[in-house]
Amino acid sequence: MLLAVLLLLLLLLPPPDARSAHGHPLYMRLPPSTLQALSAQGTKALQAAQRSAQWAVNLAAMEIQHRVHECQGPGRPRPQDPLFRDPPEPGPCGERRPGTVNVTQAHGRIVGGSAAPPGAWPWLVRLQLSRQPLCGGVLVAATWVLTAAHCFAGASNELLWTVTLAEGPRGEPAEEVPVNRILPHPKFDPRTFRNDLALVQLWTPVSLAGAARPVCLPQEPREPPTGTACAIAGWGALFEDGPEAEAVREARVPLLSADTCRRALGPGLSPSTMLCAGYLAGGIDSCQGDSGGPLTCSEPGPRPREVLYGVTSWGDGCGEPGKPGVYTRVAVFKDWLQEQMNAAPTSREPSCRELLAWDPPEEPRADTAPPCAFYAHLCPGPEGACAPLAHQQCVQRRRRCELRSLAHTLLELLRGAQELFGPRPGMRRLAPALARPATSLRGPRRHPAREQLLHPGSRAAGMQLPKPRPEQRGDAHGCPGLEPLRQKLATLQDAHAWILQVPLERLAMDFQEVLADLGSKTITGLFPAWVRAGLGGRYVVFSSLVGLEPATLALSLPRLLVQALQTFRLTAQAEAEPTGARMGMRQDWRLGEKGKDPPHS
Ligand code: ARG
């Protein structure tokens, strides 16, 4: 026993430069530059982990919101939302906030515009594919966003898309909403970009409580005269092939006549569905990433309103002399837009999102209720005979959706794993850094949109979860399916609490020490090691294996990251449920507050 204690003491308290009787060192510390590089990677892993945790929780919260909304009855306007109705007209629209109205004239930089004040374009939204911002869009009603059809080329799976709504005038975080349905214009031609327009239906309606507001749609085919100075806005590139803007940019561009435009752009321009705006002198234009965003012209009056006449579509380069930008003419699509937004819910096949949120009954019901009612229209017989068939079709489609969703989840997991511990890309960044100061590490460019979190307060992450809106709380009894969704949310919150509780400003991994025991070595060339790492001011110590040659070191570092993350997670979970036996854990971990020394130093 005494021997064991002595041994333990020996192991835990090695002098920093312990040497064997032959003068060989017994232990070796990883140098500070390696620890720094490791910490930088760890911090990135934490950030990614927090983002995906927040994402999962937000999604579950939105499912609840959607369910409650459905239980309250579709199409019934919410009393506190007089502004937002589907369909959009009539009602207030296109109103800008005072103090945000001074759109740049012909100077500065979109290409050649200037940074828009926060909240200047309440209808401007951002479309993300797997959380990667790809296009702009324009809010036109409570649940409808208008954008360019080409944004969905090759990526029409609505489950992969989300929409980030406009931020508030004081930079209040923008809300991110999943997409329920994508409706590209049926005549969109990807070769010519004719009819480059798509409607996107949001999963939850935009609430008046937020900063987003709809733009006005043209009420007649007539457009403002040539020369009218209209506004464009977006996060697109600052110049061709250039970086995307970090914040919304805006510019004024005059409308050009069809003749001028055709002369400039040649036969590629189809004036029946496209209009041009910009300067033949070049310099001010929309660019890559602005697609789907608004070209609005101000309608004068006692209360000026912005009306959407164009949706950013294409151009020949960006801001090139003689090459104005091309916008889809919204006014000519008025009927199609109204038709789509007014369509009865049962006239369309249910979306995957709707089907996945549906809990199919064991037995087909005698009548076909939403979301399956659509299929009842398809079979000829009397309603009673049709119901089982409709139910079957509906369930089959749901299965296909499940497969799509599963494939999506797997891809996300793979992406996440690559982002976190990607053996090659991650290590390629890390390995050379071992010989250099960590400051020379270059991670992927931070994208502000990727860090926008859904709810106010969640910037500091933590379990400051979406406070349910009053109407969101709903009554579980009157709303079937609500309780399981709530349980799912609670489970997710518990599972991710360890990372969500860490405030954003403290979300940093700090590898303080990795002490390798040179006394033994695995056949793969790794040495047992003690690791002390910190997260948000809390420290854990665990044992691991580490390589000391450049190649073995590079290979062993991802393991250290994973172990550190696991240890933090398990420690936090054990703290949250102190009786929860974690006896099976092989990790030798201990938790300490900052300031407590690791056992061996
Ligand atoms: N097609 C681009 C996009 O997808 C928009 C290009 C606009 N170009 C222009 N020169 N106005 O974002």
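The values are calculated or read from the model by the stated rules, or taken from the named source; none is laboratory data. Computed from a predicted structure; not experimentally measured. All Cβ positions, glycine included, derive from the backbone under ideal geometry; neighbour counts span all protein chains shown.
Among the residues in segment 226-242, are any farther than 30 Å from Ser114 by Cβ and either surrounded by 21 or more Cβ atoms within 10 Å (Cβ to Cβ) or within 16 Å of the ligand (Cβ to nearest atom) (or both)?
Narrowing segment 226-242 to residues farther than 30 Å from Ser114 by Cβ: none.
Looking through segment 226-242, none of the residues is farther than 30 Å from Ser114 by Cβ and either surrounded by 21 or more Cβ atoms within 10 Å (Cβ to Cβ) or within 16 Å of the ligand (Cβ to nearest atom) (or both).
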Segment 126-148, residues that are small (Gly, Ala, Ser) and within 11 Å of the ligand (Cβ to nearest atom): Gly136, Ala148
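So, in segment 189-200, of the ones that are in contact with a strand residue (DSSP E or B) (Cβ under 7 Å, 6 or more places away or on another chain) and part of a loop (DSSP other than H, G, I, E, B), which residue ends up surrounded by the fewest Cβ atoms within 10 Å (Cβ to Cβ)? Can you show your working first?
Going residue by residue through segment 189-200, those that are in contact with a strand residue (DSSP E or B) (Cβ under 7 Å, 6 or more places away or on another chain) are 193, 195-200.
Going one step further and asking which of them are part of a loop (DSSP other than H, G, I, E, B), we end up with 193, 195-197.
Working: Phe193: 20, Asn195: 23, Asp196: 28, Leu197: 26.
That would be Phe193.
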Segment 117-147: number of residues that are surrounded by fewer than 24 Cβ atoms within 10 Å (Cβ to Cβ) and of a type in the set (A, V, I, L, M): 3
Close pairs from segment 305-321: first farther than 15 Å from Thr147 by Cα, partner part of a loop (DSSP other than H, G, I, E, B) and within 6 Å of the ligand (Cβ to nearest atom), Cβ under 8 Å, at least 6 apart: Gly315/Ser286; Gly315/Cys287; Cys318/Ser286; Cys318/Cys287; Cys318/Gln288; Gly319/Cys287
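Identify all residues within segment 300-318 that are more than 7 Å from the ligand (Cβ to nearest atom) and modelled with pLDDT of 90 or more; write none if there are none.
Within segment 300-318, the first condition is being more than 7 Å from the ligand (Cβ to nearest atom), and the residues that meet it are 300-311.
Of everything in segment 300-318, those that are more than 7 Å from the ligand (Cβ to nearest atom) and modelled with pLDDT of 90 or more turn out to be Arg305, Glu306, Val307, Leu308, Tyr309, Gly310, Val311.
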Positions within segment 499-513 being among the hydrophobic types (A, V, I, L, M, F, W, C) and surrounded by fewer than 19 Cβ atoms within 10 Å (Cβ to Cβ), in sequence order: Leu504, Leu507, Ala508
Residue that is nearest to Thr328 (Cα to Cα), among those in segment 253-296 that are buried (at least 20 other Cβ atoms within 10 Å of the Cβ) and more than 14 Å from the ligand (Cβ to nearest atom): Thr273
Segment 544-601, residues that are at pLDDT 80 or above and exposed (fewer than 12 other Cβ atoms within 10 Å of the Cβ): Glu549, Ala551
Subset of segment 149-179 [within 14 Å of the ligand (Cβ to nearest atom) and either surrounded by 24 or more Cβ atoms within 10 Å (Cβ to Cβ) or under 18 Å from the mean Cα position of the chain (by Cα) (or both)]: Ala149, Cys151, Phe152, Ala155
Considering residues of segment 319-332 that are more than 31 Å from the chain's Cα centre (by Cα) and either near the ligand (Cβ under 7 Å from one of its atoms) or not hydrophobic (A, V, I, L, M, F, W, C) (or both) only, the residue nearest to Ile232 (Cα to Cα): Pro324
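Can you report the number of residues in segment 332-368 which are among the small types (Gly, Ala, Ser) and crowded, with 18+ Cβ neighbours inside 10 Å?
So in segment 332-368, the residues among the small types (Gly, Ala, Ser) come out as 343-344, 347, 351, 357, 366.
Still in the list and also crowded, with 18+ Cβ neighbours inside 10 Å: 351, 357.
Residues flagged as among the small types (Gly, Ala, Ser) and crowded, with 18+ Cβ neighbours inside 10 Å within segment 332-368 amount to 2.
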